[in-house]
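Enquirer: Once you've had a glance at the structure underneath, I'll fire off some questions.
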Amino acid sequence: MVNTNSDMTAHGPDAVLASVTTDWTKYFIKEVGDKLAGQFTGTDTRGGLADGTVKVVAWNKALTADQMAMIKEAEAKLESGEMHVFAGPLRDQSGTERVAAGATLPDPEIFGMNWLVEGLEGSLPN
């Protein structure tokens, strides 16, 4: 399991693969400061690894050194923008191409996803 928004490894150390947290502190401080200064614009903001909003705070201790090296390499590429989680080619469970090679799924489509990628078992709730 990959836990989101809090570190739950203490409650399931063998079950939790990773714990991802979200910290909007810097964003809120900036936005409140902008509002107080009369400069608030109300823009749509997506936090991530690069700005420190999203962090992976715990990895399962059963992961090997080689696995952790691959994970850290991928994290660095995601943080720099060199790699995107939803980079094509991506197909859904039926084999239909959803994202072409060389393209990435834009945020609005990620937030509205109603399909699972090829290779995942299960279904989405109605």
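Values quoted throughout were computed directly from the atomic coordinates according to the rules given, and no laboratory measurement underlies them. Not measured: the values here are computed from a predicted model. Neighbour counts run over all protein chains shown; Cβ positions are idealised from the backbone, glycine included.
Enquirer: Give me the distance in nm between label points sitting 7 Å out from Cα along the Cα-to-Cβ direction at Arg46 and Leu63, one decimal.
Expert: A separation of 2.3 nm, rounded to one decimal place.
Enquirer: Still on this structure: Could you compute the net charge surrounding Leu90? Neighbours are other residues with a C-beta less than 9 Å from the C-beta of Leu90; K and R count +1, D and E count -1.
Expert: That sum, taken over residues with Cβ under 9 Å, equals -1.
Enquirer: Just how many % of Cα pairs in the range 2-62 lie over 16 Å apart, if you round to the nearest whole percent? List each step's numbers first, then the result.
Expert: Working: 1002 of 1830 pairs.
When all Cα pairs of the range 2-62 are counted, 55 percent exceed 16 Å.
Enquirer: Using only alpha carbons, build the gyration tensor for the chain and give me the equivalent ellipsoid semi-axes, biggest first, whole Å.
Expert: On the way: eigenvalues 159, 107, 49 Å².
Ellipsoid half-lengths, sorted descending, are 28, 23, 16 Å.
Enquirer: Would you mind ranking Trp24, Trp59 by Cβ crowding within 10 Å, fewest neighbours first?
Expert: Ranked by crowding around the Cβ, least crowded first: Trp24, Trp59.
Enquirer: Sticking with this one: Please order Phe86, Phe40 by the number of other Cβ within 10 Å, starting at the fewest.
Expert: Ascending Cβ contact count within 10 Å gives the list Phe40, Phe86.
Enquirer: On to the next question. Among Lys55, Lys61, Lys35, rank each residue by its count of other Cβ atoms within 10 Å, from fewest to most, as a rough exposure measure. Write out the running numbers ahead of the final one.
Expert: Working: Lys55 15, Lys61 8, Lys35 12.
Ascending Cβ contact count within 10 Å gives the list Lys61, Lys35, Lys55.
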